[in-house]
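All remarks here apply to the structure that follows.
The values are calculated or read from the model by the stated rules, or taken from the named source; none is laboratory data. Keep in mind it's a predicted model, so treat the numbers as computed, not measured. Here the Cβ positions follow ideal geometry from the backbone for every residue, glycine too, while neighbour counts run over all protein chains shown. The area values use the complete protein model at the heavy-atom level, side chains included, leaving out ligands, DNA and RNA. Shrake-Rupley method; radii C 1.70, N 1.55, O 1.52, S 1.80 Å.
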Amino acid sequence: GISNSAVDVLRQNMAINAVRFSINTLDPTSNALNYAYTQNKMQQTSMWATLGMQAREFLPMLHTMMFFIFSCLGFFVIAAAMIPSMTKMVLLNYVRTFFYLATWPALFAILNGIMLWTLESRSLSTASLFNGLSLKNAIALDELHIRFAWMTGFLMMSIPVLAGKILQGGGRFVESMNY
């Protein structure tokens, strides 16, 4: 059954390629390049979809668990802060962790806003091809919205790293302002 699925994917890519770039092209080089583009686009879409679905499922859970663990460690932080040589380091790292976790929701909201505004403008241009929403452009609009959702999920995976870099850069900015 696996080989049949691969053949079906190959046929689907060839059909998409034929519809997109015209069936009556007789140039084998351009047909091969067009097919390679279609195959690459399908693989990239598949990668975005899987990463987007993983981000949707795991990132909120990861953030919640990290915040829960961070909150529960407050008693140990207080105990470690009682040691005079460790007070500054422990409290500073505790506050940094709080700011790191607090930047996630703001970054999610910013990413969501950027993607929605971009999707709105793209949707209007797709809808205007057929003078508004119609059954003719419903599939194109649906594909555009799904592709943006997957791309947003793919970009969501970078938020934990981005939050750390923002916090790191913000700390350096405050230190430079101190001088």
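Remarks
- The set of residues in segment 48-62 being of a type in the set (A, V, I, L, M, F, W, C), under 9 Å from M156 (Cβ atoms) and either under 10 Å from the mean Cα position of the chain (by Cα) or modelled with pLDDT under 85 (or both) consists of L51, A55.
- Residues located in segment 83-117, provided they are open to solvent by 50 Å² or more (accessible area, probe 1.4 Å), farther than 16 Å from M156 by Cα and either in a helix (DSSP H, G or I) or in contact with a strand residue (DSSP E or B) (Cβ under 8 Å, 6 or more places away or on another chain) (or both): K88, M89, L91, L92, N93, Y94, V95, R96, T97, F98, F99, W117
Yes or no, residue by residue, for (1) at pLDDT 80 or above; (2) of a type in the set (A, V, I, L, M):
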site	(1), (2)
I83	yes, yes
T118	yes, no
A127	no, yes
F154	yes, no
S158	yes, no
G171	no, no
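- Matching residues, segment 43-75, being open to solvent by less than 70 Å² (accessible area, probe 1.4 Å), among the β-branched types (V, I, T) and out of contact with any helix residue (DSSP H, G or I) (no Cβ under 7 Å at 6 or more places or on another chain): T50
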